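See below for the structure under consideration.
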Amino acid sequence: RELGDLSVDPAVLDILSLARKEDYETVWDRLERQSPHCKFGTNGVCCRNCIMGPCRVTEKNPRGVCGADAATIVARNLIRALAAGAAAHSDHGRAVAVLFNEVARDENKEYQISDEAKLKAIAEKLNIDTSQDISSIAREVARMALEDFGKQDEAPLNFLKAYAPQKRKETWQKVEQILFSKTDKKMGILPRNIDREITECMHRTTMGVDNQALSILAQGVRTALADGWGGSLIATELQDVLFGTPDKKVIKANLGVLKEDQVNIIVHGHEPILSEQVVAAAMSPEMQEKAKQVGAKGINVAGICCTANEVLMRRGVPVAGNMIHQELAIMTGVVEAMVVDVQCIFPSLGPLAKCFHTRFISTSDRAAFPEAIHVQFDEHHAREVAQRIVEMAIDAYSERDPQKVHIPKEVEEAVVGFSVEEIIKILGGSPKPLVDAILAGKIKGVVGIVGCNNPKVKHDAFHISLTRELIKKDILVIGTGCWAIAAAKAGLMKIEAQSLAGEGLKEVCQALDIPPVLHMGSCVDCSRMLVLAGALADYLKVDISDLPLVGSAPEWMTEKAVSIGTYFVASGVPVHLWPMPPIGGSEEVVGILTEGIKELLGGYFFVEEDPVKTASLMEEIIMEKRKSF
Ligand code: BF8
Ligand code: SF4
């Protein structure tokens, strides 16, 4: 493909032309070599779940060796992906819950409770007595969070019961009854234990267990709900308690945030348990002084992927780019250290870093990478480990090759930090002004955009043109993850972006002094969007499915996005996807996910390749919802 077909970000094109000249390999090169992709995999009809196979079903040959048909195989593959995605978010949530429990019990002095108000708010939702002292409240919150990973009864998750809006909980119960009466088989969709639902996905999809698409997909819904209203939500809420609830701030975005005269450290991955400490260590006067001793003006920390979103929302740390920038950042030749933990990290980074002076540092016991330097992170010695990492970066500075330095000039400003608490504060303490603006039609509705970059899609192109189209139509856009970084880089999160919005949305944003496109955080922070939707629904005493809300993952690639998309659908929100998920091999599965599920849960999936058409479809859905609203 021509360079211009790969990305809309000039900084990316700048580095890509350098990569072509210097023969550095990128994600796009490898995609080309993998293309065309296997049709069986693309349609989801390849099964490797037992060793009588692998089997791939076709019209001529419609059953695997065990007799499984396309619907069974497609549904099984889909929920296995969903379970992996839910596991990633929820294992992140577990790490936070375990750490929070230690802090609450005074067993870890490296971290502390930073936001007592948030802790009390969580406790109130969980019906915990908030007149106790803070550490008793914290211990009780920790107990209820950990219970959601380990309890063995049939009751729904503590956090889901505490956070989901009333009408939605009634809907989920009704759906369980309908499914039972229609099929005579129990089909629970209310999650009981986060780990259990993931395990049950694996159990049901192994050879010879659950062999009916609807039954399999119902367990997928249950697992996704365990992620959205459980694992991810716990991650977000307890991170806010430990590190602070995000508030409005201005940050800088794109590769231009890297500094030629400073030690540059990139934090990449997902868990702020690590990145918060690296940021703190780098900012310490001692480390800044050490950097000066090697001739640098200071230490510059920047983020990539969701770790970027975490430290940007809370600390105002600049973001070097989204998922697809990870290789390109190293190619600037000024990155002394790229520090990673888990998720969305290319295993290509180790060999690439070897072409430069960059220290590629892995830290998590769950993630090893070829040719990485592993510095084992330990929550009990967090400051010490973080300091060691920063020192390694300082040491690397003198090895930088000036011949290889190439920093794109692109850098944009963005107003970020829109936690639900911050949004409600900006609204004056209640959702009323937002609801009024929606009722009056100044804001037609809200679209939440999430997710990734995928080299199959022109980088950031869908994210940006969909966002622009929507705000033009007076639709407020909120979102997380790599979409949020795309929007920040494109200048859509500046106050000036109000001028790109339709008259109604512009007026509301001007009155509130906010951009028309709101950064709500990392991918686990999609739970913030659920909580916001829930707050609006409870305020109006309606269900989420009654609200003019639509979701989208327009450049998605990870299994995590399967889980996110599904928990929004299961919470009552129609969700757009591009690219097409690997379900095309079964009409039955496509039918359930795009139509059947709508009758039951209110949400459903739709697929569209064109951003302008997608925006129009979303507007239609919103206008339809507004009629009964
Ligand atoms: O959890 S948006 S590419 S970085 S998966 Fe990954 Fe997708 Fe980016 Fe964050 Ni989310
Ligand atoms: Fe083939 Fe069935 Fe085994 Fe899958 S579970 S590999 S379809 S025999």
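The values are calculated or read from the model by the stated rules, or taken from the named source; none is laboratory data. Bear in mind the structure is a predicted one, so any value in this text is a computation, not a measurement. Note that each Cβ is placed from the backbone with ideal geometry, even for glycine, and that neighbours are counted across all protein chains shown. Remember, those area values only see protein heavy atoms, side chains included, never the ligands or the DNA or RNA. Shrake-Rupley method; radii C 1.70, N 1.55, O 1.52, S 1.80 Å.
Structural remarks
- Pairs where the first residue, in the stretch 39-56, is closer than 16 Å to Pro581 by Cβ and among the aliphatic types (A, V, I, L, M) and the second is assigned to a helix (DSSP H, G or I) and open to solvent by less than 60 Å² (accessible area, probe 1.4 Å), C-beta under 9 Å, 6+ apart: Val45/Ala70; Val45/Ile73; Val45/Val74; Val45/Asn77
- Of the residues making up the stretch 318-350, those that are within 21 Å of the chain's Cα centre (by Cα), open to solvent by 10 Å² or more (accessible area, probe 1.4 Å) and touching a residue at least 40 places away in the same chain (Cβ under 8 Å) are Pro318, Val342, Gln343, Cys344, Ile345, Phe346.
- Residues of the stretch 445-463 that turn out to be modelled with pLDDT of 95 or more, closer than 19 Å to Val8 by Cα and within 15 Å of ligand 1 (Cβ to nearest atom), as a count: 12
- Residues being touching a residue at least 60 places away in the same chain (Cβ under 8 Å) and of a type in the set (Ser, Thr, Tyr) - total across the stretch 1-38: 3
- Taking the stretch 11-30 as the range and being open to solvent by less than 30 Å² (accessible area, probe 1.4 Å) and of a type in the set (A, V, I, L, M) as the test, the residues that pass are Ala11, Val12, Ile15, Leu16, Leu18, Ala19, Val27.
- Tabulated pairs, the stretch 72-88, first assigned by TED's automatic domain parsing to the domain that holds Ala213 and farther than 14 Å from Ile592 by Cα, second more than 11 Å from ligand 2 (Cβ to nearest atom) and acidic (Asp, Glu), C-beta under 6 angstrom, 6+ apart or interchain: Ala81/Glu559; Ala84/Glu559; Gly85/Glu559; Ala86/Asp227
- Residue, nearest to ligand 2 (Cβ to nearest atom), within the stretch 87-103, restricted to residues that are among the hydrophobic types (A, V, I, L, M, F, W, C) and open to solvent by 10 Å² or more (accessible area, probe 1.4 Å): Ala87
- Number of positions in the stretch 130-157 that are loosely packed, with under 15 Cβ neighbours inside 10 Å and under 30 Å from Thr223 (Cα atoms): 5
- Criterion applied to Ser135, Ser114 was being polar (S, T, N, Q) and over 26 Å from the mean Cα position of the chain (by Cα), and the one residue passing it is Ser135.
- Any hit, the stretch 418-438, residues being modelled with pLDDT of 95 or more and under 16 Å from Ala320 (Cα atoms): no
- Subset of the stretch 386-401 [open to solvent by 10 Å² or more (accessible area, probe 1.4 Å), touching a strand residue (DSSP E or B) at 6+ places or on another chain (Cβ under 8 Å) and either of a type in the set (Gly, Ala, Ser) or not assigned by TED's automatic domain parsing to the domain that holds Val335 (or both)]: none
- Restricting attention to the stretch 520-574, the residues that are within 16 Å of ligand 1 (Cβ to nearest atom) and buried (at least 24 other Cβ atoms within 10 Å of the Cβ) total 26.
- Restricting the stretch 253-278 to residues that are over 21 Å from Leu349 (Cα atoms) and in contact with a Gly (Cβ under 9 Å, 6 or more places away or on another chain), the residue that is most open to solvent (accessible area, probe 1.4 Å) is Asp261.
- Tallying residues that are open to solvent by 20 Å² or more (accessible area, probe 1.4 Å) and not basic (Lys, Arg) within the stretch 284-299 yields 8.
- Positions within the stretch 441-450 being within 14 Å of Leu505 (Cβ to Cβ) and either β-branched (Val, Ile, Thr) or free of Cβ contacts under 8 Å to residues at least 60 places away in the same chain (or both), in sequence order: Ile443, Val446, Val447
- Any hit, the stretch 180-191, residues being in contact with a strand residue (DSSP E or B) (Cβ under 8 Å, 6 or more places away or on another chain) and open to solvent by less than 10 Å² (accessible area, probe 1.4 Å): no
- Qualifying residues in the stretch 300-309 (those that are of a type outside the set (Ser, Thr, Tyr) and open to solvent by less than 10 Å² (accessible area, probe 1.4 Å)) - the one farthest from ligand 2 (Cβ to nearest atom): Val301
- When restricted to residues that are open to solvent by less than 80 Å² (accessible area, probe 1.4 Å) and under 23 Å from Glu555 (Cα atoms), the stretch 39-59 contains 6.
- Residues of the stretch 196-209 that are open to solvent by less than 20 Å² (accessible area, probe 1.4 Å) and within 14 Å of ligand 2 (Cβ to nearest atom): Thr205 alone.
- Of the residues in the stretch 70-85, not one is away from ligand 1 (no atom under 16 Å from the Cβ), in contact with a Pro (Cβ under 9 Å, 6 or more places away or on another chain), assigned to a loop (DSSP other than H, G, I, E, B) and open to solvent by 20 Å² or more (accessible area, probe 1.4 Å).
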